[in-house]
Amino acid sequence: MTAIDLAGVTKRYGDVTALQNLDLTVQSGEVFGFLGPNGAGKSTAIDIILGYVQATDGGGTALGHDIREESVAIRQRTGVLPDGFGALGEMTGRKHVEFAAEAKDADADVMALLERTGVAHAADRSVSGYSKGMAQRLMLAMALVGEPDLLILDEPTTGLDPNGARRMREIVSDEQDRGATVFFSSHILEQVQAVADRVGILDQGNLVAVDTLDGLREAAGSTDRMTVDLETVPGTLPDSVSGIDGVRDVTVRDSTLDISCADPAKGPVVHQCVEATTVQDVETSQASLEDIFAAYTEGGA
Amino acid sequence: MTERLGLVARKDFYDSIRENQIYYIGTLFVLIAVGIGYLGGNAAVEGFELVPPLVATFFFLVTVVTLTISHDAISDKWVSGELTVLLGLPISRFDVVYGSVLGRTAAVSLVTVVSVLLSTVVAVALGASPDLAQLVVGLLGLLTAVAIFASLAVAFSALSDSTTVSSTAAFGAFALFVFQLWSLLPSLVNLALDGVGAPTIPDDTIEVWNNLTPFSGIRNAGGAVLESADQVLGVFAAGSLPASPPAHQHPVFGVLVVLFWAVVPVTLAYLRFDSDDI
């Protein structure tokens, strides 16, 4: 079942195209990370789904409702943590969550939600005095009211300390376990990498890739890394390692080889090193989302 | 479409309490009202009527205060990000616009009713006998003015995310209707078009034009139920209200004028706001 389905969504502001012909499908129950640099169009896409902004062209559905015509129905079953939010007047944190519950006509254990997001200690303080991180936690508590089918979180970890970011990731995972779909944007790669089932990479308004992380790695040309510490580096070893199928680059640093290669090449590389000299240590790492992101947004893929 | 209208209206009303606006306004209103009641009570023996000066004063006060506290009802939420939160919930833009009108109207209406009643109590305690019909119609006229100017100000606030634009528009409304620049507009048009020659806009058309203001509409509508409507409700209305009013001063026409100002501008603003990008 489809939670979000966008077709040909374009948004232009005068001569500036913020979003270009976006086709995107998010399946129910998945955590979808929307990744892109500042100004890539992530928030514009979210704003269009939520009805904050009208698409210039194209359209789509969220939870089966038309995004142009049935925005309220979408938001009835969606928890939203918007970008650029502000406090509801001088209301306390508790009143904010109560207001969200009333708006959604939902029964909510207000204090439990505030506890869950880590802002219960300030429940009876005016939100106008909250720090950015506390307000972010409160907005997440409001988003969780009524156990929504879809969570749309725009840059959810902005302003959060490491504990807050970790708690956010735990909540995203818990919500997915409950059966909710989570669609979130971020420019912080580690956050996306930690929780997303699939990732969409947006660059200058264009969706340049959508896949699982493994799929993106593969499509981007697999840039896994190996560091092999040797007793000595025989003169012919770098060339022989470079000749292994799948090895992209070999750099010698003292008695260490830094190798960029495809995942299947790792075994032959180690074998080659063992045959040539004494191997003291081997470290491998998969291509990070940062590498993949750079490959897509800097024309490397 | 309007399920959350009451929720937004209540929030807006309680915002005025949480932000202490209602206390500041209430204190101002009560002090002035009690002062008028005191003067009215003391002067009662000389035939002084309490209600006309009380209502006239409060027409000025409610207009100033309603425009002041309503002109940024939406634009301020827009700038602060509060609108983003509201519209992230299952709340429609219709709810936001009309809920704001209801909430601000309720807040100013509450302090207006309390103040007018307190003024009356003070005057009666000092020996005055205010005309009950004048008092009721005068109060209804004031509450109608509150609703109209809340509606107008919220309309201005929905047109732009700039509080400068909305506050300028609110001041413009005040100048048009309280300073009565409205009635100068036909003369200015005639001057611009004709210089000192024969006017393009004839006097009878100008007379109709002058009766299109909210205050004239309230006064003319009040003529249906109060013989002394001109005396009680006429402070910012055009001309005078004869015993047998012409069509453009007929109570029905007055009601239509009132409905126009209460409904049309805010609805046009809502339609524009509904298609705006937030």
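The values are calculated or read from the model by the stated rules, or taken from the named source; none is laboratory data. Treat the numbers as computed from the prediction; the structure is a model and nothing was measured. Ideal geometry is used to build each Cβ from the backbone, glycine not excepted, and the neighbour counts take in all protein chains shown. To get the accessible areas, we keep the full protein, side chains included, count just its heavy atoms, and leave off ligands, DNA and RNA. Shrake-Rupley method; radii C 1.70, N 1.55, O 1.52, S 1.80 Å.
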Query raised in the report: Mind checking the mean number of beta-carbon atoms from other chains within 10 Å of the Cβ atoms in A:92-100?
Result: 2
Requested in this report: Return the average number of partner chain Cβ atoms within 10 angstrom of each residue Cβ along peptide A:134-146.
Outcome: 1
**Report entry** Longest segment of chain A lacking GluC sites (Glu not before Pro) that sit in a DSSP loop with at most 12 other Cβ atoms within 10 Å
**Finding:** A:70-230
Report task. Would you work out the charge dipole size for the protein assembly as shown about its Cα centre, treating the Cβ of every Lys and Arg as +1 and the Cβ of every Asp and Glu as -1, and quote it to the nearest 20 debye? Result -> 2080 debye
Report summary line: Among A:Val192, A:Pro238, A:Ala219, the residue whose Cα sits farthest towards the positive end of the charge dipole of region A:153-301, when +1 is placed on the Cβ of each Lys and Arg and -1 on the Cβ of each Asp and Glu, is A:Val192
Query raised in the report: Bin by bin, in steps of 20 Å, what percent of the Cα pairs in chain A do you find, going until the bin that has the longest distance?
Result: 30, 46, 21, 3
Requested in this report: Could you rank B:Val51, A:Val247, B:Val165, A:Val72 by how accessible they are, 1.4 Å probe, largest area first?
Outcome: B:Val165, A:Val72, A:Val247, B:Val51
Report summary line: Charge tally for neighbours of B:Ile74 with beta carbon under 11 Å away, counting Lys, Arg as +1 and Asp, Glu as -1, is -3
Requested in this report: Calculate the translational D of region A:223-287 in whole µm² s⁻¹ from Stokes-Einstein, where the hydrodynamic radius comes from the Kirkwood formula applied to all Cα pairs, the temperature is 37 °C and the viscosity 0.692 mPa s.
Outcome: 292 µm²/s
Report task. Express in Å², to the nearest 10, the accessible area of A:Arg225 obtained by rolling a 1.4 Å probe over the protein heavy atoms while all chains stay in place. Result -> 120 Å²
Report summary line: Filtering chain B for DSSP H helices with an axial alpha carbon extent of at least 30 Å and a Kyte-Doolittle mean of at least -1.0 returns B:21-43, B:93-125, B:132-158, B:251-274
Query raised in the report: What is the log10 of I(q)/I(0) for region B:232-278, computed with the Debye formula using one identical point scatterer on each Cα and no solvent, at q = 0.13, 0.17, 0.31 Å⁻¹?
Result: -0.46, -0.63, -1.13
Report summary line: log10 I(q)/I(0) for region B:162-206, Debye formula on C-alpha points only (no solvent), q = 0.17, 0.22 Å⁻¹, two decimals, reads -0.59, -0.74
Query - All-pairs Cα distance distribution in region B:117-164, expressed in whole percent, bin size 10 Å - result: 23, 30, 21, 17, 9, 0
Query raised in the report: Based only on Cα atoms, what Rg/Rh ratio does region A:151-301 have, Rh being taken as Kirkwood's radius?
Result: 1.09
Query raised in the report: Where does region A:24-131 land on Rg(C-alpha)/(2.2 N^0.38 Å)?
Result: 1.23
Query raised in the report: What's the percent breakdown of Cα-Cα distances in the protein assembly as shown across 20 Å bins, shortest bin first?
Result: 18, 37, 26, 13, 5, 1, 0
Report task. Kindly tabulate the residues in region A:56-81 with an accessible-area decrease of at least 10 Å² between the chain alone and the assembly of all protein chains, using a probe of 1.4 Å. Result -> A:Val72, A:Arg75, A:Gln76, A:Val80
Report task. Evaluate E = 1/(1 + (r/R0)^6) for B:Phe179 and A:Ala7, where r is the Cβ-Cβ distance and R0 equals 45 Å; express this FRET efficiency to the nearest 0.05. Result -> 0.25
**Report entry** the protein assembly as shown - accessible surface per residue (Å², probe 1.4 Å)
**Finding:** 42 Å²
